[in-house]
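Chemist: Structure incoming, see below.
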Amino acid sequence: MRAFWAVVLTVLQVSAFEYGLKPEKVNDKVYCFFGKPEVMDTKNNGNMVNSCFVDLGKHWLVVDPGPTFAYAKEAWNEISAIKKMPVASVINTHVHDDHWLGNGFYLSLGVDVLGAAAFEEEVNPTAVTRMEQRISKEAYALTSPKLPTILVEQEKTLQLHIDGVEIRLIHVDTKAHTSGDILVYLPKMQTIFCGDVVFNDRLPSLRDGDINGWIETLEMIKEMPVEYVIGGHGNEVQADAVDLTYNYLVQLRNEVRAAIETGEGIDSAVKTIKMSDFSSVALYAEMHGRNVETAYRMLEWGDE
């Protein structure tokens, strides 16, 4: 244990950039750093995602370590001020780099990182990341793409037991937000972490997903016996936190199907399918038209 904390202290002294992160208490065992409803840029420097910590008793469990080495280091520093415990494991909920580029910090502490097998197939660790392209060099310093050390195969649920707490890593068996989404379910805490399967303060992006599989996955979550549903974006954490994403995708699918059935072309559909009930949601202007186009291309040849 002394060796672990010696490594921690050494790593914490590296990297001068600070985000000003403050954890919010979700329940007696869960704390989250909630990001802003924005796209990544040099102002937020990637602080637009959620990173959460679960108190397992003698260890912390980390769900999505965030967008940079500096972010992960600062979040760990803040959570350690609440309770000083080592990290048992880090979970990556999916392959989008804003959620997992903090892996390197925890790997430097000797902590295992778990993620979907899709990482091996879809992520090139030598490529320039979106985060590197869009945020400041100061914030990105020390960050490098470090993939999970333990892979969860598709169509499998991996059960972990740490400090007597059961943790189920449910690999979504269909393409939803991505082809490798993992839900982190803690039955006794009635808590589930959904990554970007759930957005509740901004519109979701359909670009790497499948609208049918995504809706199917949300319907599964809605049927689960959970009190806390924590998404990858947004600070709503109650069971109805799925509703924004679910209602948006269901209406989007219905309206795109109707356009296809009446012979409306894709360019026209992008212009006419406005879904005004969602126009005040953050990133509507940036995401909605793209989502209509993506959904149309998915559904135009039949989606059953």
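The values are calculated or read from the model by the stated rules, or taken from the named source; none is laboratory data. Bear in mind that the values here come from a model prediction, so they are computed numbers and not experimental data. Cβ coordinates were reconstructed from backbone atoms using ideal geometry, including for glycine residues, and neighbour counts include every protein chain displayed.
Matching residues to (1) surrounded by fewer than 21 Cβ atoms within 10 Å (Cβ to Cβ); (2) farther than 24 Å from L147 by Cα:
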position: D28; (1), (2): yes, yes
position: V39; (1), (2): yes, no
position: N44; (1), (2): yes, no
position: V54; (1), (2): no, no
position: G57; (1), (2): yes, yes
position: L61; (1), (2): no, no
position: D64; (1), (2): no, no
position: F69; (1), (2): no, no
position: A72; (1), (2): no, no
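Chemist: Tell me which residues, restricted to segment 216-240, are among the hydrophobic types (A, V, I, L, M, F, W, C) and under 20 Å from M275 (Cβ atoms). If you could, list the steps in order and put the result at the bottom.
Modeler: From segment 216-240, those among the hydrophobic types (A, V, I, L, M, F, W, C) are 218, 220-221, 224, 226, 229-230, 237, 239; that's our starting set.
Correct list: L218 only.
Chemist: Still on this structure, I have one more. Tell me, which residue of segment 182-215 that is under 13 Å from the mean Cα position of the chain (by Cα) and within 19 Å of T294 (Cα to Cα) is surrounded by the fewest Cβ atoms within 10 Å (Cβ to Cβ)? Show your work before the answer.
Modeler: Kept after step one, since they are under 13 Å from the mean Cα position of the chain (by Cα), are these residues of segment 182-215: 182-184, 192-200, 204-205.
Of the ones still in play, those that are also within 19 Å of T294 (Cα to Cα) are 196-199, 204-205.
On the way: D196: 26, V197: 30, V198: 28, F199: 26, P204: 25, S205: 19.
Result: S205.
Chemist: Now, a different point. Identify all residues within segment 1-53 that are out of contact with any Lys or Arg (no Cβ under 6 Å at 6 or more places or on another chain), among the aliphatic types (A, V, I, L, M) and at pLDDT 95 or above; write none if there are none.
Modeler: Scanning segment 1-53 gives L21, V26, V30, V39, V49.
Chemist: Of the residues that make up segment 50-73, is at least one in a loop (DSSP other than H, G, I, E, B) and basic (K, R)?
Modeler: First pass over segment 50-73, keeping only residues in a loop (DSSP other than H, G, I, E, B): 50, 56-59, 64-68.
Still in the list and also basic (K, R): 58.
Taking every residue of segment 50-73 in turn, at least one turns out to be in a loop (DSSP other than H, G, I, E, B) and basic (K, R).
Chemist: Pairs please, first residue from segment 250-267 and in contact (Cβ under 8 Å) with a residue 24 or more places away in the chain, second anywhere and among the small types (G, A, S), Cβ atoms under 6 Å, 6+ apart in sequence or on different chains.
Modeler: Note: pairs meeting the criteria are L252/A295; V256/A295; A259/A269.
Chemist: Among what's in segment 257-300 and is in a loop (DSSP other than H, G, I, E, B) and under 30 Å from the mean Cα position of the chain (by Cα), pick the residue that is farthest from L244 (Cα to Cα). Quick ask: steps written out before the conclusion?
Modeler: The first filter runs over segment 257-300 and keeps only residues in a loop (DSSP other than H, G, I, E, B), leaving 262-265, 273-275, 279-281, 283, 300.
Now drop any that are not under 30 Å from the mean Cα position of the chain (by Cα), which leaves 273-275, 279-281, 283, 300.
Working: I273: 18, K274: 16, M275: 13, S279: 12, S280: 12, V281: 9, L283: 13, E300: 25 Å.
In this case the residue turns out to be E300.
Chemist: Out of T149, T174, report the one residue that is within 28 Å of P225 (Cα to Cα) and among the hydroxyl-bearing types (S, T, Y). Don't jump to the end; show me each part of the working.
Modeler: Details: T149 fails: within 28 Å of P225 (Cα to Cα).
Criteria check complete, one pass: T174.
Chemist: When you look at E223, is it modelled with pLDDT of 95 or more, surrounded by fewer than 20 Cβ atoms within 10 Å (Cβ to Cβ) and within 29 Å of P86 (Cβ to Cβ), yes or no? So that I can check it myself, show each step before the final result.
Modeler: On the way: modelled with pLDDT of 95 or more: yes; surrounded by fewer than 20 Cβ atoms within 10 Å (Cβ to Cβ): yes; within 29 Å of P86 (Cβ to Cβ): no.
Here the answer is no, as E223 does not meet what is asked.
Chemist: Among the residues of segment 77-89, what is the count of those that are of a type in the set (A, V, I, L, M, F, W, C) and either surrounded by 20 or more Cβ atoms within 10 Å (Cβ to Cβ) or touching a residue at least 60 places away in the same chain (Cβ under 8 Å) (or both)? Step through it out loud before you land on a result.
Modeler: Step one: list which residues in segment 77-89 are of a type in the set (A, V, I, L, M, F, W, C), which gives 79, 81-82, 85, 87-88.
Those left that are additionally either surrounded by 20 or more Cβ atoms within 10 Å (Cβ to Cβ) or touching a residue at least 60 places away in the same chain (Cβ under 8 Å) (or both): 79, 87-88.
Looking only at that region, the number is 3.
Chemist: Given the options V90, V111, V165, name the one that is touching a Pro at 6+ places or on another chain (Cβ under 7 Å), at pLDDT 95 or above, within 17 Å of V63 (Cβ to Cβ) and of a type in the set (A, V, I, L, M, F, W, C).
Modeler: Numbers: V111 fails: touching a Pro at 6+ places or on another chain (Cβ under 7 Å); V165 fails: touching a Pro at 6+ places or on another chain (Cβ under 7 Å).
Matching residue, one of V90, V111, V165: V90.
Chemist: Just a yes or no: is a residue in segment 277-292 farther than 20 Å from P204 by Cβ, surrounded by 11 or more Cβ atoms within 10 Å (Cβ to Cβ) and in contact with a helix residue (DSSP H, G or I) (Cβ under 6 Å, 6 or more places away or on another chain)? Walk me through how you get there before you give the answer.
Modeler: Residues of segment 277-292 that are farther than 20 Å from P204 by Cβ, as a first pass: none.
For segment 277-292, residues farther than 20 Å from P204 by Cβ, surrounded by 11 or more Cβ atoms within 10 Å (Cβ to Cβ) and in contact with a helix residue (DSSP H, G or I) (Cβ under 6 Å, 6 or more places away or on another chain): absent.
Chemist: Can you spot a residue in segment 162-175 that is small (G, A, S) and within 26 Å of W301 (Cα to Cα)?
Modeler: Of all residues in segment 162-175, those small (G, A, S) come to 164.
Right, trim to within 26 Å of W301 (Cα to Cα) and you get none.
No, that holds for no residue.
Chemist: Now, a different point. Kindly evaluate N235 against the criterion of being surrounded by fewer than 23 Cβ atoms within 10 Å (Cβ to Cβ) and either of a type in the set (F, W, Y) or under 20 Å from S51 (Cα atoms) (or both).
Modeler: Values: surrounded by fewer than 23 Cβ atoms within 10 Å (Cβ to Cβ): yes; either of a type in the set (F, W, Y) or under 20 Å from S51 (Cα atoms) (or both): yes.
Taking the combined requirement at face value, the residue satisfies it.
Chemist: Same structure again: Regarding L142, is this residue closer than 30 Å to Y19 by Cα, outside any strand (DSSP E or B) and modelled with pLDDT of 95 or more?
Modeler: Values: closer than 30 Å to Y19 by Cα: yes; outside any strand (DSSP E or B): yes; modelled with pLDDT of 95 or more: yes.
The answer is yes for L142.
Chemist: Identify all residues within segment 145-172 that are touching a residue at least 24 places away in the same chain (Cβ under 8 Å) and either farther than 24 Å from V54 by Cα or in a loop (DSSP other than H, G, I, E, B) (or both); write none if there are none.
Modeler: Filtering segment 145-172 for residues touching a residue at least 24 places away in the same chain (Cβ under 8 Å) gives 145-154, 158, 160, 162-165, 167, 169, 171-172.
Residues satisfying the conditions are P145, K146, L147, P148, T149, E153, Q154, D163, G164, V172.
Chemist: In segment 193-238, how many are small (G, A, S), under 20 Å from I91 (Cβ atoms) and in a loop (DSSP other than H, G, I, E, B)? Walk me through it before giving the result.
Modeler: Kept after step one, since they are small (G, A, S), are these residues of segment 193-238: 195, 205, 209, 213, 231-232, 234.
If we keep only those that are under 20 Å from I91 (Cβ atoms) too, we end up with 195, 209, 231-232, 234.
Right, trim to in a loop (DSSP other than H, G, I, E, B) and you get 209, 234.
Going through segment 193-238 one residue at a time, the tally reaches 2.
Chemist: Return yes when L218 is among the aliphatic types (A, V, I, L, M), closer than 18 Å to V39 by Cα and either surrounded by 15 or more Cβ atoms within 10 Å (Cβ to Cβ) or touching a Leu at 6+ places or on another chain (Cβ under 9 Å) (or both) and no when it is not.
Modeler: Numbers: among the aliphatic types (A, V, I, L, M): yes; closer than 18 Å to V39 by Cα: no; either surrounded by 15 or more Cβ atoms within 10 Å (Cβ to Cβ) or touching a Leu at 6+ places or on another chain (Cβ under 9 Å) (or both): yes.
No.
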